[in-house]
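Below you'll find the structure, written out as structure tokens, and then a few comments.
The values are calculated or read from the model by the stated rules, or taken from the named source; none is laboratory data. What you are looking at is a predicted structure, and each value in this text was computed from that prediction instead of being measured. Cβ: placed from backbone, ideal geometry, glycine included. Neighbour counts: every protein chain shown. Side chains included, ligands, DNA and RNA excluded: accessible areas come from the protein's heavy atoms. Shrake-Rupley method; radii C 1.70, N 1.55, O 1.52, S 1.80 Å.
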Amino acid sequence: MRVVIAGAGEVGRHLAKMLSRERHDIILLDPKEENLAFAKTGMEILPIVGNPTSLHDLENADVRDAHLFVSVTTEESTNITACMLASNLGARKTFARINNHEYLLPRNNELFQKIGVNSMICPEILAAKEIVAAIRRPWTRQYWELFGGGLILLGIKVRDDAPIINRSLIELMQHDKKCYHIVAIQRCNGEMIIPRGMDHIKSGDIVFVTTTREHIEDVRIKTGKQNPEVKKIIIMGGGRIAIKTAHFLPDNIHITIIEADRDKCAKISAQVPKNVLVIHGDGRDTDLLVQEGIDDAQAFVALTEIAGTNILACLAAKRYGVFKTIAQVENLDYISLAAKVDIGTVINKKLIAAGHIYQFLLDADVANVKCLAFARADVAELVAKPDSKITRKPIKDMRLPKDMTLGGLIRNGIPMMVEGDTQIRANDHVMVFCFDSAMRKLKDYFN
């Protein structure tokens, strides 16, 4: 599949790297040659210096033959214009990164379809929604609703007192197989495994669990987690993600946003709800944190543009007893560090955006793809086509690759866990957990 990506910033580079591993034909277009230097180091990416709003440069990038044109520059207007031009030049589908939430409203969908913008994402909005989900379930590392909430995927760090510690999966499933399914385990040393029956849960593991809404509380109890009510939140950094998070959170939560730029503080105050207090200061200043009541806060969210600053600030908050810490970490190399020092949840816009764009590139019927920041793994929602390979035998006889597992399914609107004897049927909606290496194999099983 030919994919043209306009914009070799962080999102564009990460997306190009991910897709090049999947053997797609990738062309990366950017006006600055230095932004394309990474693509010359053995990667199967064709770098082209050019302007995405130039007809000449788009034609030079062979956009006429593109199955997908993705514009992810930092300029919203550039992305929309580039998609309009690419569509009219012959690109089959276009995808734009935007900042304006209004563009995503259903009433505007027909307008953008007419002008050649097939789909849009706002990474800041997606990040804000993940922060809200993490705050609503503060005992989880990751919380995702799949198939509209029919299935839930939880990432949970287990401690010494968890009832599931030192027990094999076979033993656990004998009692709880209808309640949840453990799809992956991340060990303390960072090793990620898709477990088999004889694997044991160890203290310090992060377990990824599929369950249904009715059994979320059962999973919390089994993993020995507390669940404090979040009444007060401190956010460090007053950017777009912070403002959108404040709007998405319930108005009965007291929110304090600490912003280092004095001029920015006044602008933020005019944009946030009444339950939000905006303070000028440095969120790393422990005296300021104490003054603003860090001792009474249940959650601390660090959203500056510097990953190291966010991680250190979260560590400081944990010293004051904050139950839930969330850090924006855009540098992928820092994500494993954040996991090691026990940051509660990591937010990475690149991974979020890449997951949403990736769904356009699978031939299988994919409703959604999510990239797990901690796990370097993917979760896909797929529909089994009639007579597809996945429907021909029970799961235990399928000999699925070791880097792939099925976590649950929705059949005729009813969610259920997947077991060895389960046989997938045509039109079942299936949750698949897999490592990066397995993504390209999905279409072989589900088409």
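Leu172 falls short on exactly one of the conditions (1) closer than 27 Å to Lys202 by Cβ; (2) at pLDDT 90 or above; (3) open to solvent by less than 10 Å² (accessible area, probe 1.4 Å), and that condition is (2). Among the conditions (1) surrounded by fewer than 21 Cβ atoms within 10 Å (Cβ to Cβ); (2) at pLDDT below 90; (3) touching a Ser or Thr at 6+ places or on another chain (Cβ under 8 Å), the only one that Lys441 does not satisfy is (3). Checking the stated criteria, Ile131 turns out to be of a type outside the set (Ser, Thr, Tyr), crowded, with 23+ Cβ neighbours inside 10 Å and not in a strand (DSSP E or B). Restricting to region 8-43, give me the number of residues that are touching a strand residue (DSSP E or B) at 6+ places or on another chain (Cβ under 9 Å) and either within 22 Å of Asn331 (Cβ to Cβ) or surrounded by fewer than 17 Cβ atoms within 10 Å (Cβ to Cβ) (or both). Matching residues across region 8-43 total 22.
For Ile258, indicate whether it is over 23 Å from the mean Cα position of the chain (by Cα), crowded, with 17+ Cβ neighbours inside 10 Å, in a strand (DSSP E or B) and modelled with pLDDT of 90 or more. Walk me through it before giving the result.
On the way: over 23 Å from the mean Cα position of the chain (by Cα): yes; crowded, with 17+ Cβ neighbours inside 10 Å: yes; in a strand (DSSP E or B): yes; modelled with pLDDT of 90 or more: yes.
Yes; evaluated as a whole, the condition is true for this residue.
Of the strands (runs of 3 or more DSSP E) entirely within region 1-115, those holding at least 2 residues that are among the β-branched types (Val, Ile, Thr) and touching a residue at least 60 places away in the same chain (Cβ under 8 Å) occupy 2-6. For region 367-380, does any single residue satisfy the condition of being at pLDDT 90 or above, of a type in the set (A, V, I, L, M) and open to solvent by 10 Å² or more (accessible area, probe 1.4 Å)? No, that holds for no residue.
For region 382-418, filtering for residues that are open to solvent by less than 50 Å² (accessible area, probe 1.4 Å) and either farther than 19 Å from Glu145 by Cβ or of a type in the set (S, T, N, Q) (or both) leaves 12. When restricted to residues that are part of a helix (DSSP H, G or I), open to solvent by 60 Å² or more (accessible area, probe 1.4 Å) and touching a residue at least 40 places away in the same chain (Cβ under 8 Å), region 308-339 contains 1. Leu46: open to solvent by 70 Å² or more (accessible area, probe 1.4 Å) and among the hydrophobic types (A, V, I, L, M, F, W, C), yes or no? Against the criterion (open to solvent by 70 Å² or more (accessible area, probe 1.4 Å) and among the hydrophobic types (A, V, I, L, M, F, W, C)), Leu46 qualifies. Of the residues screened, Leu126 is not one that is open to solvent by 10 Å² or more (accessible area, probe 1.4 Å) and farther than 24 Å from Lys324 by Cβ. All of (1) modelled with pLDDT under 95; (2) in a helix (DSSP H, G or I) hold for Met120 with one exception: (2). Would you check which residues across region 244-255 are open to solvent by less than 50 Å² (accessible area, probe 1.4 Å) and in contact with a Pro (Cβ under 9 Å, 6 or more places away or on another chain) and list them? Answer for region 244-255, where residues must be open to solvent by less than 50 Å² (accessible area, probe 1.4 Å) and in contact with a Pro (Cβ under 9 Å, 6 or more places away or on another chain): Ala246, Leu249, Ile255.
Return yes when Arg196 is open to solvent by 80 Å² or more (accessible area, probe 1.4 Å), closer than 25 Å to Phe435 by Cα and touching a helix residue (DSSP H, G or I) at 6+ places or on another chain (Cβ under 9 Å) and no when it is not. Against the criterion (open to solvent by 80 Å² or more (accessible area, probe 1.4 Å), closer than 25 Å to Phe435 by Cα and touching a helix residue (DSSP H, G or I) at 6+ places or on another chain (Cβ under 9 Å)), Arg196 qualifies.
Taken over region 232-284, residues that are of a type in the set (D, E, K, R), over 23 Å from Gly308 (Cα atoms) and in contact with a strand residue (DSSP E or B) (Cβ under 6 Å, 6 or more places away or on another chain) amount to 1.
Filter region 219-243 down to residues that are within 23 Å of Val379 (Cβ to Cβ) and open to solvent by less than 60 Å² (accessible area, probe 1.4 Å), then give me how many there are.
First, pick out the residues of region 219-243 that are within 23 Å of Val379 (Cβ to Cβ): 219-220, 222-223, 225, 241.
Applying the additional criterion that residues be open to solvent by less than 60 Å² (accessible area, probe 1.4 Å) yields 219-220, 223, 225, 241.
Number of matching residues: 5.
Look at Asn118 and say whether it is without any contact (Cβ under 8 Å) to a residue 40 or more places away in the chain, closer than 19 Å to Ala353 by Cα and surrounded by fewer than 20 Cβ atoms within 10 Å (Cβ to Cβ). Taking the combined requirement at face value, the residue satisfies it.
Would you please name the residue that is farthest from Thr345 (Cα to Cα), looking only at residues in region 292-303 that are modelled with pLDDT of 95 or more and part of a loop (DSSP other than H, G, I, E, B)? So the residue we want is Ala297. Of the residues making up region 391-447, those that are over 21 Å from Gly197 (Cβ atoms) and aliphatic (A, V, I, L, M) are Ile410, Ile414, Ala426, Met439, Leu442. When the residues of region 93-115 are filtered to those that are of a type in the set (Lys, Arg) and touching a helix residue (DSSP H, G or I) at 6+ places or on another chain (Cβ under 9 Å), the one that is least open to solvent (accessible area, probe 1.4 Å) is Arg97. Among the residues of region 261-288, just one is assigned to a loop (DSSP other than H, G, I, E, B) and within 14 Å of Lys232 (Cβ to Cβ), namely Asn275.
The set of residues in region 134-169 that are part of a helix (DSSP H, G or I), open to solvent by less than 50 Å² (accessible area, probe 1.4 Å), farther than 18 Å from Val329 by Cα and touching a residue at least 60 places away in the same chain (Cβ under 8 Å) comprises Phe147, Gly149.
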